[in-house]
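First comes the structure, then the notes that go with it.
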Amino acid sequence: MNIYRHKFYSVCPNNSAIIAYELEIATTDVIQVEHIVTACAIEKSAFHEDIADRLAERFGGQQTLRAHHHGVDIESRRNGSATPKGFKSVGHISNVHARILSTGVAVRTHIDPAYSENTVELFVKGSE
């Protein structure tokens with residue numbers, strides 16, 4: 001799990017007060033920090049909840065956005081999409097299979113209906 005934390009400022013669209021925000025993103029993805037800085041800098045003047053929605057859409061993962069405004073602590077939590085853009089989720093795999101896939105090896109799976117739809121035979125290219 002990767003945890004990214006970033007502090008940034010935005011202007012309240014209601015009263016022009018400068019609001020300090022604290023963003024935390026927890027994800028298994030790698031995010032370039034420059035992308036986080038740029039995405040937050042774009043939020044020049046917006047409502048807290050709208051900023052949280054846009055950042056969750058942009059980066060995914062588990063996100064928390066905190067701020068303090070007029071004596072009120074605001075915390076928005078978002079579960080951004082885990083599905084990369086342009087892809088469709090068709091199912092889930094076990095943590096063991098996820099670790100194998102994360103090594104970068106070429107993998108081909110085959111679901112054998114003779115056993116059950118939950119039985120998956122895993123072939124790893126180049127492995128004995």
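The values are calculated or read from the model by the stated rules, or taken from the named source; none is laboratory data. Source: prediction; values computed, not measured. Cβ placement follows ideal geometry from the backbone for every residue including glycine, while neighbour counts extend to all protein chains displayed.
Observations on the model:
- Test: residue in segment 49-56 that is at pLDDT below 90, not in a strand (DSSP E or B) and not polar (S, T, N, Q): no
- Residue that is nearest to Arg99 (Cα to Cα) [pool: residues in segment 40-80 that are among the small types (Gly, Ala, Ser) and within 14 Å of the chain's Cα centre (by Cα)]: Gly61
- Filter result (out of contact with any Leu (no Cβ under 9 Å at 6 or more places or on another chain) and hydroxyl-bearing (Ser, Thr, Tyr)) within segment 1-33: Tyr9, Ser10, Ser16, Thr27, Thr28
- Considering segment 51-73, the residues that are more than 16 Å from Ile25 (Cα to Cα) and without any contact (Cβ under 8 Å) to a residue 24 or more places away in the chain include one that is surrounded by the fewest Cβ atoms within 10 Å (Cβ to Cβ), namely Gly71.
- Within segment 45-57, one or more residues are aromatic (Phe, Trp, Tyr) and touching a Cys at 6+ places or on another chain (Cβ under 9 Å).
- Residue satisfying all of: in segment 13-36; surrounded by 12 or more Cβ atoms within 10 Å (Cβ to Cβ), of a type in the set (Val, Ile, Thr) and within 15 Å of the chain's Cα centre (by Cα); farthest from Leu65 (Cα to Cα) among these: Ile31
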